[in-house]
């Protein structure tokens, strides 16, 4: 371990935070677990687990539709999480925070509702060449439904957006630009401020998929000025099954509901329904109450550490892992953008990524292998899949070392 890495790890006191995550303290195949699959899902601190357990143990009731004590408590906890999240991302109002079952549902909600409101035959939507399928397929479906056109902003061999081409893609038919903040497959951190500025000079709204960004960096909706911002709970140390669509209130007022049912209505008759106010217009049915409460606890936990502290530590982890990768014979880093988050995506000459993942698992190291729900990215780099190590603030430099020891054993076994 490098001296600078050791000093940072001591300063950050990673062991203090590791104690908060029960799942980290186990063995896999007789080896200590090194969990390096955080871009797929992050582990949960005891604080989040306790918040969910406390709801089910002491406050379990449906929200919004009861006058009894338990319903009031549940509603306070649920809406309290909405307030925490609005404050955390600096939204203007809790009306701009729509709870969904995840980022995928949030993007589908947006694609459907925006499409119904704003898209006609011949209109154009721009996405980037490094999108997760969740920010690609819903727009494909919309374009098929409306006979609209989907345009792709290309990427370079370094894994960066070719931003100079964006003005050329924009036309008077462009109705929306939807791009990822941080690539799950490459780790690239995109210049979303520049994209938003370019789009807004043409009065084009922008949606940002922030699922991979929000656990690792601060975002400010009022400074960023994105029209929509989407993220998921389980990647930011919260529970699965909950996500958020942030939308500017003016936009959300214009868009029609995505689903119909209880809680999203004000009045209902056999011939007509009047919809509820924001944010409830987009939240049909009983929500994932426990998940929302757990997400609020995750926000509290991140704030207690400090997102800037998290980002600084994870940057050093990535730098350390990248140095070791560059020195590893036969290893090819896929995605070498100048600005990256904690993702190291790679191949090893002559070894299928699935074999890499299987063998390192027997050494206790958990990484992700495959196309990472980004098949066009794999096609662009002409690889069937990659191995991907992804880091969180509870990972250590020693776990990075364990990964590369396991990769050496992989080579020894297969060659």
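The values are calculated or read from the model by the stated rules, or taken from the named source; none is laboratory data. None of these values were measured; they are calculated from a predicted model. A quick note on method: Cβ atoms are made from the backbone with ideal geometry, for glycine too, and the neighbour counts reach across all protein chains shown.
When 400, 405, 351 are checked against the criterion of being touching a helix residue (DSSP H, G or I) at 6+ places or on another chain (Cβ under 7 Å) and under 16 Å from residue 34 (Cβ atoms), 400 stands alone in meeting it. Going by the conditions given, is residue 92 surrounded by fewer than 22 Cβ atoms within 10 Å (Cβ to Cβ), in contact with a helix residue (DSSP H, G or I) (Cβ under 9 Å, 6 or more places away or on another chain) and not in a loop (DSSP other than H, G, I, E, B)? Here the answer is no, as residue 92 does not meet what is asked.
Just one of the listed residues (121, 164) is loosely packed, with under 14 Cβ neighbours inside 10 Å and in contact with a helix residue (DSSP H, G or I) (Cβ under 7 Å, 6 or more places away or on another chain), namely 121. Selection of region 124-156 for residues being in a helix (DSSP H, G or I) and touching a residue at least 60 places away in the same chain (Cβ under 8 Å) yields 133, 134, 135. Among the residues of region 56-72, are any part of a helix (DSSP H, G or I), touching a residue at least 60 places away in the same chain (Cβ under 8 Å), surrounded by 19 or more Cβ atoms within 10 Å (Cβ to Cβ) and in the same structural domain as residue 241 (by TED's automatic domain parsing)? No, region 56-72 contains no residue that is part of a helix (DSSP H, G or I), touching a residue at least 60 places away in the same chain (Cβ under 8 Å), surrounded by 19 or more Cβ atoms within 10 Å (Cβ to Cβ) and in the same structural domain as residue 241 (by TED's automatic domain parsing). Scanning region 124-145 for residues that are surrounded by fewer than 19 Cβ atoms within 10 Å (Cβ to Cβ) and out of contact with any strand residue (DSSP E or B) (no Cβ under 8 Å at 6 or more places or on another chain) yields a total of 5. Of the residues in region 59-82, at least one is at pLDDT 95 or above, touching a strand residue (DSSP E or B) at 6+ places or on another chain (Cβ under 8 Å) and under 19 Å from residue 299 (Cβ atoms).
Highlighted here are the strands (runs of 3 or more DSSP E) found entirely within region 270-366 that include at least 2 residues which are in contact (Cβ under 8 Å) with a residue 12 or more places away in the chain and buried (at least 16 other Cβ atoms within 10 Å of the Cβ): 331-333, 343-348.
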